[in-house]
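Below you'll find the structure, written out as structure tokens, and then a few comments.
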Amino acid sequence: MFRRAGILVCLLVGAGAQAGNGTIRPDQCGPTLTTMATDSADRWNTTRRELTGRWLSAEADDDIRRYGIGLDTDDQNWEPVEVPGHWRDAKKFAASDGPIMYRHRFSADLPADGSRRWVTLDGIFYQADVWLDGAYLGDREGYFFPHTFDITALSKLDEEHVLAVEVTCAPHSGVNNRRNITGVFQHWDGLDRHWNPGGIWRPIHVYDTGPVRIERLRVLCRDADSRRAHLRLSSHLDSDTQRTVTVRTLVDGDVHDEQDHVLASGENQIEWNIDISEPALWWPYALGEQPLTDIAVEVVVTPDTPDAAPEVSDRRERRTGLRQVSWDKWICSINGEQLFLKGANVLPTRAGLANADDGAVRRDIELAVELGLDAVRMHGHIANREVYRAADELGVLILQDFPLQWGHARTVRWEAVGQAKAAVDTLGHHPSIIQWTAHNDPAATTGADRSDWKKRTRTVLAQQLPSWNKSVLDRWVKRSFEKADSTRETVAHSGVLPHFPQLSGTDTHIWFGWHQGKAEDLARFALRVPRLVRFVSEFGAHAPPYTAPFIDEQLRNHDWPDLDWAGLDVEYGYQRDQFERLFPPDSFESYEHWRDTTQLYQSHVLKTQIETLRRLKYRPSGGFCFYALADPAPVISASILDHERVPKDAFAVVQAACAPVLVVADQPPAWINKGDRMKLDVHLISDLREPIDFAVVDAIASWAGGEQRWRFGGSVAADDVVKVGTIDLVVPDTLGELAIKLTVTAGDITSHNRYTTAVTLPPGS
């Protein structure tokens, strides 16, 4: 059946061939593994190729698995697809849930004597079975880290090859019993719930090493100060036989450390530490500069030939930052400097990871800086790698969710434990990451309507009672993170109320003003249960975007307000229950009026709650991450930027609420009776690292035909909050809008704020 009959026998007896002569052969079937110019110390690593571009594909079945994996397969009628990419980007597979078989032909010179050849799948979504020239290499699972196979023996048999990869991404339905560790990419209300992200979303590499390969390299900065930085390194080394090697560590290109290790044949794990004197510390941008340090590890071997000089068998590099992270009751400190975290939830840049270029991915982090944010939370997913590089370079901190989202089946336990270690291997060197979270919303419940006390009670009870996800799975994954990375804090789960034995609670998801209550309820809630506002990692309100092609289509096909609301719910995230309660469409004269009203409401919710949490800085709040920065696809959501990064009204409001110096007042009620007395405390908030010795705060209450003024003065310590005065006002008799404007002036610093309420008649008047 296969062109290479007896391939297993050849492999078992170590059938080989002489090393290639370095020439490149023309190949009409696919790309050729090219020879790169290298120095003599790197003679083994002479070939490297990305197998990207046009591949061929077909729906996988048993016939395809039998006859579609070898060199002699007639694949002329197979569907062309792009790698990297997602199979639904191809018209033929636009509605397919797979599995899909991918095929690619390529040519390569025979491996040099003493070298080993490898194929690495840098990103598969979500599971793959892999064949080379009809020989089965194995299966791998996990979308965000690389998977590598040894193809040395097969590569010595011929120069022409076919790589076949069957990719599976089983669809999810519902919020429970999930079996793929794919986070928000499958069955999530921020994306089309029927969309399947399956495919090969990052390049596939074929390359050579010497007899020892660096399988994994983990670089963690354990602690750092101005005198010394302590790095903890670990690596898995794959050796062709038992041998002694030298592991060389380089810092910014200079040899820093050399150690000899005796390796067994196969996989070996080694660990070591290095100290860097007088390091250039990495800081978040609010506190300092972001110098980055290049760490390289080389494995040096002596070839099995007389009088041979030692040579580099493999080399792996990591760019890191030297800093120390600590947490105390949800207050984060970097290098001993505490920082109140102003942040946003960040979603995938695009629904398909392969469909977002590096510039677009980086732009999301730049937008966070434009907003004045210190941190982002990678909500329910591990992102494109450019996100982490951008955060490192721009000084934005990351709270990293592991991609467990809602309720998962028991079958995922060991896979999740292994993938947690892989997350540390893949991302642990990034200084921007300051926390791991094992599981987001494991209870798989949503907020209850404030009027539905039964549902609200069930929601609370569900979080108190033991469950497989919260009580077992999350603890296993948390321990896996802690064992792999002791330099950062790991949180078992996000959005879970205090429960035995974790009575201190975790970060909280408090959707006042949307799922329940009013935006102003957060301030009263904080007074009653301050523990639950130590770090609020989700809050906000939904609003449709300005640019919404799916809405335009609805308005062309339906009269307002009789749109296909059920379809918008399923495909575009429209949370019908909440919108019907707060903004029933039939109460508005047009879609534009409805849209603008919801956007204004979203701005009000975010402004009110950001100001409340900032006023509670360190007493007890350590920060927040509102929900969310930007959409990955056309959707009606709580993001303040749509999928094309067109801002909603809330963008400018959030930017103002996150200014380094801000004057705030207690939120006035939405309406107030004439003749009532209104008292609002005024606070000055400063995120500056030096004190404001004297500031003047002017307050003006104005209404039709009148105004009242106050002036307060005071100082505020560095990175602190102080009450500067109280607005004490007898509400005028003039009905209508009453506005309160605040202005703070401190040297060359000027900041403004504004609130409104409506003066009404007392009941019964």
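Values computed for the structure shown
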{"item": "So GLN400, is it polar (S, T, N, Q), within 23 Å of VAL325 (Cβ to Cβ) and outside the structural domain of PRO146 (by TED's automatic domain parsing)", "result": "yes"}
{"item": "Residue match in region 417-429 (condition: within 30 Å of VAL81 (Cβ to Cβ), over 18 Å from the mean Cα position of the chain (by Cα) and at pLDDT 95 or above)", "result": "yes"}
{"item": "Qualifying residue in region 34-53 (condition: surrounded by 19 or more Cβ atoms within 10 Å (Cβ to Cβ), among the hydrophobic types (A, V, I, L, M, F, W, C) and at pLDDT 95 or above)", "result": "yes"}
{"item": "Sole exception among (1) modelled with pLDDT of 95 or more; (2) touching a Cys at 6+ places or on another chain (Cβ under 7 Å) for GLY98, by number", "result": "(1)"}
{"item": "Close pairs (6 angstrom Cβ cut-off, 6 or more residues apart or separate chains): closer than 21 Å to ALA420 by Cα and part of a strand (DSSP E or B) in region 137-166, small (Gly, Ala, Ser) and modelled with pLDDT of 95 or more anywhere", "result": "ARG140/ALA128"}
{"item": "Single condition GLY30 does not satisfy, out of (1) at pLDDT 95 or above; (2) touching a His at 6+ places or on another chain (Cβ under 7 Å); (3) part of a loop (DSSP other than H, G, I, E, B)", "result": "(1)"}
{"item": "Residues of region 646-672 classified as in a loop (DSSP other than H, G, I, E, B) and under 17 Å from SER603 (Cα atoms), total", "result": "10"}
{"item": "Region 107-131 - residue that is surrounded by fewer than 19 Cβ atoms within 10 Å (Cβ to Cβ) and under 18 Å from HIS161 (Cα atoms) and, of those, farthest from the chain's Cα centre (by Cα)", "result": "LEU110"}
{"item": "Tally, over region 285-323, of residues that are β-branched (Val, Ile, Thr) and in contact with a helix residue (DSSP H, G or I) (Cβ under 7 Å, 6 or more places away or on another chain)", "result": "1"}
{"item": "Hey, ALA630 crowded, with 24+ Cβ neighbours inside 10 Å and modelled with pLDDT of 95 or more or not", "result": "yes"}
{"item": "Positions within region 305-356 being more than 30 Å from PRO634 (Cβ to Cβ), in a loop (DSSP other than H, G, I, E, B) and in contact with a Pro (Cβ under 9 Å, 6 or more places away or on another chain), in sequence order", "result": "ALA309, PRO310, GLY321, ARG323, LYS329, TRP330"}
{"item": "Region 275-300: number of residues that are under 28 Å from the mean Cα position of the chain (by Cα), charged (D, E, K, R) and assigned to a loop (DSSP other than H, G, I, E, B)", "result": "1"}
{"item": "Some residue of region 468-475 being over 19 Å from ASP328 (Cα atoms), at pLDDT below 85, touching a helix residue (DSSP H, G or I) at 6+ places or on another chain (Cβ under 7 Å) and not assigned by TED's automatic domain parsing to the domain that holds CYS221", "result": "no"}
{"item": "Which numbered condition LEU729 fails, given (1) farther than 25 Å from PHE624 by Cα; (2) surrounded by fewer than 16 Cβ atoms within 10 Å (Cβ to Cβ); (3) touching a strand residue (DSSP E or B) at 6+ places or on another chain (Cβ under 8 Å)", "result": "(2)"}
{"item": "Which numbered condition ASN21 misses (of (1) modelled with pLDDT of 50 or more; (2) outside any strand (DSSP E or B))", "result": "(1)"}
{"item": "Tally, over region 387-411, of residues that are surrounded by fewer than 19 Cβ atoms within 10 Å (Cβ to Cβ) and not in a loop (DSSP other than H, G, I, E, B)", "result": "5"}
{"item": "Counted residues, region 167-182 - those being more than 24 Å from ALA422 (Cβ to Cβ) and modelled with pLDDT of 95 or more", "result": "0"}
{"item": "Selection count where residues are of a type in the set (D, E, K, R) and under 23 Å from PRO84 (Cβ atoms), scope region 151-176", "result": "1"}
{"item": "Residues satisfying the stated conditions in region 223-237, i.e. of a type outside the set (Gly, Ala, Ser) and in a strand (DSSP E or B)", "result": "ASP223, ARG228, HIS230, LEU231, ARG232, LEU233, HIS236, LEU237"}
{"item": "Matching option when the condition is touching a Cys at 6+ places or on another chain (Cβ under 7 Å) and either buried (at least 19 other Cβ atoms within 10 Å of the Cβ) or not in a helix (DSSP H, G or I) (or both), among SER603, SER537", "result": "SER537"}
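Rundown of residues vs (1) modelled with pLDDT of 95 or more; (2) under 24 Å from the mean Cα position of the chain (by Cα); (3) under 22 Å from VAL346 (Cα atoms), yes/no style:
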site: PRO146; (1), (2), (3): yes, yes, no
site: ILE151; (1), (2), (3): yes, no, no
site: GLY198; (1), (2), (3): yes, yes, yes
site: ASP225; (1), (2), (3): yes, no, no
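Conditions tested, residue by residue: (1) surrounded by 18 or more Cβ atoms within 10 Å (Cβ to Cβ); (2) among the polar types (S, T, N, Q); (3) over 26 Å from the mean Cα position of the chain (by Cα); (4) in a helix (DSSP H, G or I).
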site	(1), (2), (3), (4)
ASP586	no, no, yes, yes
GLU592	no, no, yes, yes
THR598	yes, yes, yes, yes
ARG614	yes, no, no, yes
PRO634	yes, no, no, no
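The values are calculated or read from the model by the stated rules, or taken from the named source; none is laboratory data. Small disclaimer: the values here were computed from a predicted structure and weren't measured. We place every Cβ from the backbone using ideal geometry, glycine too, and count neighbours over all the protein chains shown.
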